[in-house]
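Undergrad: Sharing a structure here in structure tokens format.
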Amino acid sequence: MTTIRLTGLTVRHRKAVALDGVDLALGTGVHGLLGPNGAGKTSLIRVLATVAEPAAGRVEILGEDVAGHRGRVAVRRRLGYLPQEFGHYPRFTVRDFVAYVAWLKELPAARTPAAVERAVARVGLADRIDARIGTLSGGMVRRVGLAQAIVNEPDLLLLDEPTAGLDPEQRVEFRGLLRELGAHATVIVSTHLVEDVAAACTEVTLLDAGRVAHHGTPGGLAALGADPDAPGENPVERGYAAALRAHRAAPAAGREAVR
Amino acid sequence: MTDNAHVWHVSAAAAARYADGSLPDHAAWSVEKHLEHCGGCATRVSSAVTATAAAGRALTDVRQSLLTAIAGTARATTTAPAADRVPAAATAPLADRVQAAATAPLADRVQATTTPPVADRVPATTTAPAPGRTPAPRPPRLLPQLNRLLKPLPRPLLRPLRLLRPGHPALRGAWLTALLLVGVGAVALDRADGFAGARTLLLALAPLVPVAGVALSYGPHADPLYEIAAATPSGGLRSLLARTAAVLAVSLPLLTGAGLLLPASGAPGAAAWLLPGLALTLAALALAGYVGCRTATALTGGGWLAAVLAPVAAAPGGSLTTRLAGQLARCLDGAPAQGAWAAAAAACAALLAARRTAYDHLERK
């Protein structure tokens with residue numbers, strides 16, 4: 001089932017083009033968003049989070065057009081979002097902070113205390129629920145960010161670099177959580193760690209210079225990197241490099257003409 | 001400027017003679033008649049009168065006895081039985097609250113800004129822990145004075161106050177410090193230095209405080225949680241309004257109360273800044289829809305300062321505070337001025353309502 005449909009999505013930051021006519025359709029499952037720095041991963045996630053406004057194109061999320069205020073608010077109720085730079089109030093306890101976000105998301109008051117405890121337990125912070133966020137380590141703060149994103153059991157979960165700051169063991173647990181969430185929701189994870197994608201994602205979208213360079217399954221990407229002599233540590237990494245090379249070689253002339 | 005000219009104003013010399021009683025009766029009557037419709041002269045004469053030793057002493061005495069009486073009432077309020085305290089707290093003089101605020105340590109107030117926002121919607125979180133979970137002991141986090149003030153109030157009365165708590169991240173440390181600097185600073189200037197223009201200064205700065213509160217409360221530059229809040233259904237204008245309401249709920253009573261503690265000395269009434277303060281705050285909000293919170297508040301605050309200070313710098317004669325008081329009187333005193341502020345506030349509110357969806361994307365504005 002398609003939950004996100006992007007048509008000709010263009011995003012500009014002042015004069016620079018961050019996304020250049022992206023067409024994309026995504027459904028339930030865990031989608032990895034890969035690409036070099038500046039490829040437009042964060043721009044795409046921020047548009048999907050309804051925080052950034054596209055310069056052109058149509059964005060349809062969960063059947064709603066987010067160009068209108070009504071559609072935007074309807075989508076925001078069903079959204080979970082962990083920004084790349086997760087801002088928080090250090091003097092809040094984990095419980096209060098997650099409950100505050102639940103309140104912002106208009107979760108019914110009667111359900112909030114249980115939802116908060118469940119979300120905090122799912123990210124493995126149950127024993128620190130009454131600690132102030134300012135006293136937690138970087139990885140724990142990151143998990144608080146994940147807890148606030150999932151507190152409303154979102155249908156669309158957007159995670160921008162969620163594994164940054166997690167240690168290897170936590171990353172393994174986190175991938176398990178991703179797979180669990182992706183069973184019922186559309187989860188979009190931006191990352192520069194190729195192994196995250198290989199381990200947890202059902203689909204992968206590779207962005208380069210504001211355009212979709214490759215869209216497929218992690219298996220498909222690995223198949224592109226079948227040549228063991230190409231640079232890269234494992235098949236997915238080699239596939240990543242190969243897909244980027246192919247994209248940059250083929251449509252380069254056409255892209256210049258468009259600009 | 002002679003006494004028998006058709007249009008004349010009270011000269012500084014005449015004001016001084018009027019103040020010490022040496023002006024002949026017929027001239028004094030002329031002065032009094034003239035003061036009824038000339039704000040500038042009223043300011044000048046008022047400050048001349050206040051400057052005389054006798055009047056100054058009398059005013060000080062009156063203020064002192066008034067404060068003693070207020071303090072007495074406040075003590076009665078805290079010792080009276082609960083049933084009596086409801087009306088007493090509701091009618092408690094502002095002076096009491098302002099003094100309480102002045103004596104509360106800053107850390108306490110900043111701490112108060114981090115009280116959980118949950119309670120209003122989720123009383124269960126704090127009042128009735130779920131079975132099977134031992135609630136962690138929590139320190140009392142509202143500032144004690146406020147707790148004492150609120151406790152005797154029945155629940156229905158409390159609700160509107162608690163509704164403001166989701167807006168509490170607005171009450172940032174920096175802004176609270178600014179608020180206390182203006183409010184408490186003006187009172188301290190008056191008490192310690194006997195500086196006569198304290199209320200004038202307070203009224204000139206007071207409208208800037210809620211405007212600054214708006215700048216510091218919401219938007220990508222001010223709120224660490226902005227990015228997350230903006231992606232929720234409460235983001236945009238609703239969050240901005242909730243936080244502005246919190247800012248106004250704290251600053252309006254505190255600064256008006258501080259104004260009431262200060263001698264008038266030619267300045268307009270202590271409540272005269274309320275409508276302008278509201279109008280400027282709404283103007284900042286309305287502008288924010290076009291240029292973002294930071295620029296909007298800078299423009300509005302700068303505009304107010306320019307309107308008040310520029311004519312003062314250009315105006316001839318009198319001390320700086322006297323001229324400032326005169327200019328403030330022109331901006332704030334009288335039905336036409338207040339009516340204009342009310343109209344401006346209404347116009348800005350209408351603009352806000354019409355452009356409510358513009359606040360969904362405040363970034364990079």
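The values are calculated or read from the model by the stated rules, or taken from the named source; none is laboratory data. Since the model is a prediction, treat every value here as computed from it, not as a measurement. We place every Cβ from the backbone using ideal geometry, glycine too, and count neighbours over all the protein chains shown.
Undergrad: Which is among the acidic types (D, E), outside any helix (DSSP H, G or I) and surrounded by fewer than 17 Cβ atoms within 10 Å (Cβ to Cβ), of A:E106, A:E173? Outline the logic, then answer.
TA: On the way: A:E173 fails: outside any helix (DSSP H, G or I).
One residue alone meets the criteria, A:E106.
Undergrad: Let me ask you something else. Name the pairs: first residue in region A:155-175 and β-branched (V, I, T), second residue assigned to a helix (DSSP H, G or I) and buried (at least 17 other Cβ atoms within 10 Å of the Cβ), Cβ to Cβ under 9 Å, at least 6 apart or on different chains?
TA: A:T163/A:R142; A:T163/A:Q170; A:T163/A:R171; A:T163/A:F174; A:T163/A:R175; A:T163/A:D196; A:V172/A:A199
Undergrad: Among the residues of region B:237-247, is there at least one that is touching a residue at least 12 places away in the same chain (Cβ under 8 Å) and assigned to a loop (DSSP other than H, G, I, E, B)? It would help to see each step written out before you state the result.
TA: So the first thing to find is which residues in region B:237-247 are touching a residue at least 12 places away in the same chain (Cβ under 8 Å), and the list is B:237, B:239-247.
Now drop any that are not assigned to a loop (DSSP other than H, G, I, E, B), which leaves none.
There is no residue in region B:237-247 that is touching a residue at least 12 places away in the same chain (Cβ under 8 Å) and assigned to a loop (DSSP other than H, G, I, E, B).
A quick yes/no check of all residues on (1) in a helix (DSSP H, G or I); (2) at positive phi:
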site	(1), (2)
B:P263	no, no
B:G289	yes, no
B:G318	no, yes
B:A340	yes, no
B:T357	yes, no
B:L362	no, no
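Undergrad: Taking A:P113 and the conditions (1) crowded, with 24+ Cβ neighbours inside 10 Å; (2) at the interface with another protein chain (Cβ under 9 Å from one of its Cβ atoms); (3) in a helix (DSSP H, G or I), which numbered condition does it fall short on, given that it satisfies the others?
TA: (1)
Undergrad: Shifting gears a bit: Output the residues belonging to region A:27-58 that are over 16 Å from A:E106 (Cβ atoms), of a type outside the set (D, E) and within 13 Å of chain B (Cβ to nearest Cβ). Don't jump to the end; show me each part of the working.
TA: First pass over region A:27-58, keeping only residues over 16 Å from A:E106 (Cβ atoms): A:27-49, A:51-58.
Retained after the next criterion (residues that are of a type outside the set (D, E)): A:27-49, A:51-52, A:54-58.
If the condition is that a residue be over 16 Å from A:E106 (Cβ atoms), of a type outside the set (D, E) and within 13 Å of chain B (Cβ to nearest Cβ), then A:T42, A:S43, A:I45, A:R46, A:V47, A:L48, A:A49, A:V51, A:A52, A:P54, A:A55 are the ones that fit.
Undergrad: Can we say B:L205 is surrounded by fewer than 19 Cβ atoms within 10 Å (Cβ to Cβ) and away from chain A (no Cβ under 13 Å)?
TA: no
Undergrad: Another question, then. Can you tell me which residues in region B:224-246 are crowded, with 23+ Cβ neighbours inside 10 Å, polar (S, T, N, Q) and at the interface with chain A (Cβ under 7 Å from one of its Cβ atoms)?
TA: B:T232
Undergrad: Among (1) under 29 Å from A:G8 (Cα atoms); (2) in contact with a Phe, Trp or Tyr (Cβ under 7 Å, 6 or more places away or on another chain), where does A:T202 come up short?
TA: (2)
Per-residue answers, yes or no, for (1) among the polar types (S, T, N, Q); (2) farther than 26 Å from A:L9 by Cβ; (3) surrounded by fewer than 22 Cβ atoms within 10 Å (Cβ to Cβ); (4) touching a Ser or Thr at 6+ places or on another chain (Cβ under 6 Å):
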{"position": "A:A198", "(1), (2), (3), (4)": "no, yes, yes, no"}
{"position": "A:H215", "(1), (2), (3), (4)": "no, no, yes, yes"}
{"position": "A:A223", "(1), (2), (3), (4)": "no, yes, yes, no"}
{"position": "A:R238", "(1), (2), (3), (4)": "no, yes, no, no"}
{"position": "A:R245", "(1), (2), (3), (4)": "no, no, yes, no"}
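Undergrad: Follow-up question, since we're still on this one. Can you find a residue that is at pLDDT 85 or above, within 13 Å of chain A (Cβ to nearest Cβ), surrounded by 24 or more Cβ atoms within 10 Å (Cβ to Cβ) and part of a loop (DSSP other than H, G, I, E, B) anywhere in region B:216-223? I'd like the intermediate steps shown before the answer.
TA: First pass over region B:216-223, keeping only residues at pLDDT 85 or above: none.
For region B:216-223, residues at pLDDT 85 or above, within 13 Å of chain A (Cβ to nearest Cβ), surrounded by 24 or more Cβ atoms within 10 Å (Cβ to Cβ) and part of a loop (DSSP other than H, G, I, E, B): absent.
Undergrad: Only one of A:V187, A:V204, A:V197 is in a helix (DSSP H, G or I), more than 10 Å from every other protein chain (Cβ to nearest Cβ), among the β-branched types (V, I, T) and touching a strand residue (DSSP E or B) at 6+ places or on another chain (Cβ under 7 Å); which? Give the derivation first.
TA: Details: A:V187 fails: in a helix (DSSP H, G or I); A:V204 fails: in a helix (DSSP H, G or I).
Only one candidate passes the filter, namely A:V197.
Undergrad: Next up: Tell me which residues, restricted to region A:207-245, are at positive phi and touching a strand residue (DSSP E or B) at 6+ places or on another chain (Cβ under 6 Å).
TA: Once the filter is applied, which keeps residues that are at positive phi and touching a strand residue (DSSP E or B) at 6+ places or on another chain (Cβ under 6 Å), region A:207-245 yields only A:G210.
Undergrad: Additional query: Looking for something among the aromatic types (F, W, Y) and part of a helix (DSSP H, G or I) - is there at least one such residue anywhere in region A:86-100? Let's see the steps before the verdict.
TA: Of all residues in region A:86-100, those among the aromatic types (F, W, Y) come to A:86, A:89, A:92, A:97, A:100.
Now narrow it down to the ones that are part of a helix (DSSP H, G or I): A:97, A:100.
Among the residues of region A:86-100, at least one is among the aromatic types (F, W, Y) and part of a helix (DSSP H, G or I), which makes the answer yes.
Matching residues to (1) of a type in the set (K, R); (2) more than 11 Å from chain B (Cβ to nearest Cβ); (3) over 25 Å from A:L48 (Cβ atoms):
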residue: A:L104; (1), (2), (3): no, no, no
residue: A:L136; (1), (2), (3): no, yes, yes
residue: A:G145; (1), (2), (3): no, no, no
residue: A:I150; (1), (2), (3): no, yes, no
residue: A:L166; (1), (2), (3): no, yes, no
residue: A:R171; (1), (2), (3): yes, yes, no
residue: A:F174; (1), (2), (3): no, yes, no
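Undergrad: Continuing with the same structure: On the given criteria, is B:L280 in contact (Cβ under 8 Å) with a residue 60 or more places away in the chain, outside any loop (DSSP other than H, G, I, E, B) and touching a helix residue (DSSP H, G or I) at 6+ places or on another chain (Cβ under 8 Å)?
TA: On the way: in contact (Cβ under 8 Å) with a residue 60 or more places away in the chain: yes; outside any loop (DSSP other than H, G, I, E, B): yes; touching a helix residue (DSSP H, G or I) at 6+ places or on another chain (Cβ under 8 Å): yes.
Against the criterion (in contact (Cβ under 8 Å) with a residue 60 or more places away in the chain, outside any loop (DSSP other than H, G, I, E, B) and touching a helix residue (DSSP H, G or I) at 6+ places or on another chain (Cβ under 8 Å)), B:L280 qualifies.
Undergrad: Would you please name the residue that is surrounded by the most Cβ atoms within 10 Å (Cβ to Cβ), looking only at residues in region A:62-85 that are facing chain B (nearest Cβ under 9 Å) and without any contact (Cβ under 8 Å) to a residue 24 or more places away in the chain?
TA: Result: A:R72.
Undergrad: Condition check: touching a Pro at 6+ places or on another chain (Cβ under 7 Å), within 18 Å of B:P233 (Cβ to Cβ) and at pLDDT 90 or above. Does A:R46 satisfy that?
TA: Details: touching a Pro at 6+ places or on another chain (Cβ under 7 Å): no; within 18 Å of B:P233 (Cβ to Cβ): yes; at pLDDT 90 or above: yes.
Judged against the criteria, A:R46 is not a match.
Undergrad: Let me ask you something else. Here is a check on your reading of the model: is A:G182 of a type in the set (G, A, S) and free of Cβ contacts under 8 Å to residues at least 24 places away in the same chain? Spell out the reasoning first.
TA: Working: of a type in the set (G, A, S): yes; free of Cβ contacts under 8 Å to residues at least 24 places away in the same chain: no.
It is false that A:G182 is of a type in the set (G, A, S) and free of Cβ contacts under 8 Å to residues at least 24 places away in the same chain.
Undergrad: Could you please find all residues in region B:339-363 being within 14 Å of chain A (Cβ to nearest Cβ) and of a type in the set (A, V, I, L, M)?
TA: Pass one, region B:339-363, residues within 14 Å of chain A (Cβ to nearest Cβ): B:353-363.
Within region B:339-363, B:A353, B:A354, B:A358, B:L362 qualify.
Undergrad: Can I ask one more? Is it true that B:A325 is free of Cβ contacts under 8 Å to residues at least 40 places away in the same chain and either surrounded by 21 or more Cβ atoms within 10 Å (Cβ to Cβ) or within 14 Å of chain A (Cβ to nearest Cβ) (or both)? Before you say what the answer is, go through the steps one by one.
TA: Details: free of Cβ contacts under 8 Å to residues at least 40 places away in the same chain: no; either surrounded by 21 or more Cβ atoms within 10 Å (Cβ to Cβ) or within 14 Å of chain A (Cβ to nearest Cβ) (or both): yes.
No: the conditions fail for B:A325.
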